Each structure stands twice: as C-alpha cells, then as structure tokens.
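J.: The structure that follows is given in the form of structure tokens.
Values in this text are rule-based calculations from the coordinates and carry no lab data. Note that the structure is predicted; figures quoted are calculated from it, not measured. Using ideal geometry, Cβ is built from the backbone for each residue, glycine included, and neighbour counts are taken over all protein chains shown.
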Amino acid sequence: MDTCDWCNLSEEDRQFQLYETKSWSVFLSDEQDYIGRCILVLKRHCGSLSELTEDEWDELRRLVCKVEECLKAVLGATLCNWSCLMNSFYKDVVPNPHLHIHVRPRYDTPVMINGNAYTDDEFGHHYALKKSGEMPAEDKNEVFRRLREWLDRQIT
C-alpha cells in the first residue's frame with residue numbers, strides 16, 4: 001500500500017532489522033524504554049490479527065518463542081510483555097492499520113550495556129506509556145549486535 005509506512009520501509013528504516021522469516025520481520029525498536037524492545041511486523045499489509053493465515057499464525061508462534069528466548073538468554077529478561085494495540089492508526093482521518101506486535105522485555109535486575117546500568121523501575125507493574133526511551137547510540141548498537149548475533153546462531 002502506497003500510504004503505509006510499514007509497507008514502504010527505506011534502507012535506513014531497516015538498519016535495526018534483527019531477523020526475518022517468510023511472513024515476518026523483527027526490528028529493534030527505536031524506543032528502548034525497555035531494553036531490547038522489539039517490533040514484529042507482518043510483511044504483507046494486513047489490518048488485524050483475525051486476518052492472519054494459518055501459516056502466518058504458526059510462524060508467529062515460533063517467532064514469539066525464539067524472540068522471547070533470545071531476550072532472556074542475551075539480556076536476562078525475566079519476562080516479556082507482548083501487545084498488538086493498533087490504536088495510533090485510528091488517529092488518522094483515514095485509518096490504514098498494518099499489523100505489528102510490540103515486545104517489551106521486563107527485568108527484575110539491572111541490565112548492563114557497555115558499563116551502563118538500565119533498571120526497570122516499574123517491574124511487576126504495567127509498562128509505562130511515557131517512559132523515556134533514550135539511550136546512547138553505542139548502547140543501542142550493542143543491544144542490536146548481541147540480539148542479532150544470537151538470532152543468527154539459533155533460528156533455523
């Protein structure tokens with residue numbers, strides 16, 4: 001679709017692509033309010049989970065398991081919160097939703113990246129909507145490198 005950002009990703013948009021399968025792409029989110037936050041994006045334009053094919057559902061299930069395993073093994077996530085809210089698309093005059101799923105890893109201990117400690121101050125509570133997602137570029141690049149390296153080794 002011409003007007004869909006997810007359908008028209010540039011090379012710059014893809015710089016933090018961690019992995020892809022036949023139907024899905026996995027990106028490290030621009031917002032690192034929760035260290036290792038990722039977005040799983042369906043490669044075809046689709047507006048709802050209810051519109052997934054059986055193959056897309058099966059692939060999503062396998063991908064969720066691997067991404068969660070990766071976040072736990074590489075960054076020490078205690079658990080992962082998954083969401084598919086789609087609300088922001090409906091702020092537009094003509095909504096054009098594209099199915100994507102956010103994963104927010106949650107930590108009961110600080111995550112160390114390049115000597116910097118990142119603490120999940122809301123651990124055990126719902127995630128914060130307005131939490132700062134700023135982190136130094138070298139830390140984000142390190143998170144990306146670690147996750148990508150693990151996924152490249154593990155996913156077949």
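J.: Can you give me the angle between helix 54-75 and the longest principal axis of the chain, using Cα atoms only, in degrees from 0 to 90, rounded to the nearest 10?
T.: Here the helix axis deviates by roughly 20 degrees.
J.: Here is a further query. Under 18 Å from a point placed 7 Å out from the Cα of Glu51 along the Cα-to-Cβ direction: which residues of the range 1-29 have their backbone N that close?
T.: 1-9, 23-25
J.: Of the options Tyr127, Cys80, Leu63, report the single residue whose Cα projects farthest towards the positive end of the charge dipole of the range 62-156 (beta-carbon charges: Lys, Arg +1; Asp, Glu -1).
T.: Among Tyr127, Cys80, Leu63, the one farthest towards the positive end of the dipole of the range 62-156 is Leu63.
J.: Can you put Cys70, Cys65, Cys80, Cys4 in order of Cβ neighbours within 10 angstrom, beginning with the fewest?
T.: Lowest to highest Cβ neighbour count: Cys65, Cys4, Cys80, Cys70.
J.: Be a star and scan the range 117-156 for residues whose amide nitrogen sits under 14 Å from the point 7 Å along the Cα-to-Cβ vector of Asp108.
T.: Those under the cut-off are 120, 123-125.
J.: Follow-up question, since we're still on this one. Taking the Cα centre as origin and putting +1 on Lys and Arg beta-carbons and -1 on Asp and Glu beta-carbons, what dipole magnitude results for the range 6-144, to the nearest 20 debye?
T.: Taking the Cα centre of the range 6-144 as origin, the dipole is about 220 debye.
J.: A further question on this structure: Would you mind listing how long the range 56-120 runs along its three principal axes, going by Cα atoms, in whole Å with the largest first?
T.: If we take the Cα atoms of the range 56-120, the spans are 45, 28, 18 Å.
J.: How would the range 1-79 be classified by its alpha-carbon gyration tensor: rounded, prolate or oblate, with rounded meaning a/c under 1.5 and the a/b versus b/c comparison settling the rest? Could you put the intermediate results ahead of the total?
T.: On the way: a/c = 2.19, a/b = 1.26, b/c = 1.74.
Cα axes put the range 1-79 in the oblate bin.
J.: Go through the chain and flag any cysteine with no other cysteine's C-beta closer than 4.7 Å, please.
T.: Cys38, Cys46, Cys65, Cys70, Cys80, Cys84
J.: Using only the Cα atoms, what convex hull volume per residue in Å³ does the chain have?
T.: Normalising the Cα hull of the chain by residue number yields 124 Å³.
J.: Can you tell me the order of 83-89, 142-148 when each peptide is scored by its average per-residue count of other Cβ atoms within 10 angstrom, highest first?
T.: Taking the mean over residues of other Cβ atoms within 10 Å, the ranking is 142-148, 83-89.
J.: Once the Cα atoms of helix 137-154 and of the chain are each reduced to a long axis, what angle between those two axes, in degrees from 0 to 90 to the nearest 10, is obtained?
T.: Between the helix axis and the principal axis of the chain, the angle is about 70 degrees.
J.: To continue, here is another question. Using a 7 Å offset from Cα along Cα-Cβ at Asp121, what residues in the range 129-156 end up with backbone N under 17 Å from the label point?
T.: Hits in the range 129-156 for Asp121 at 17 Å: 129-136.
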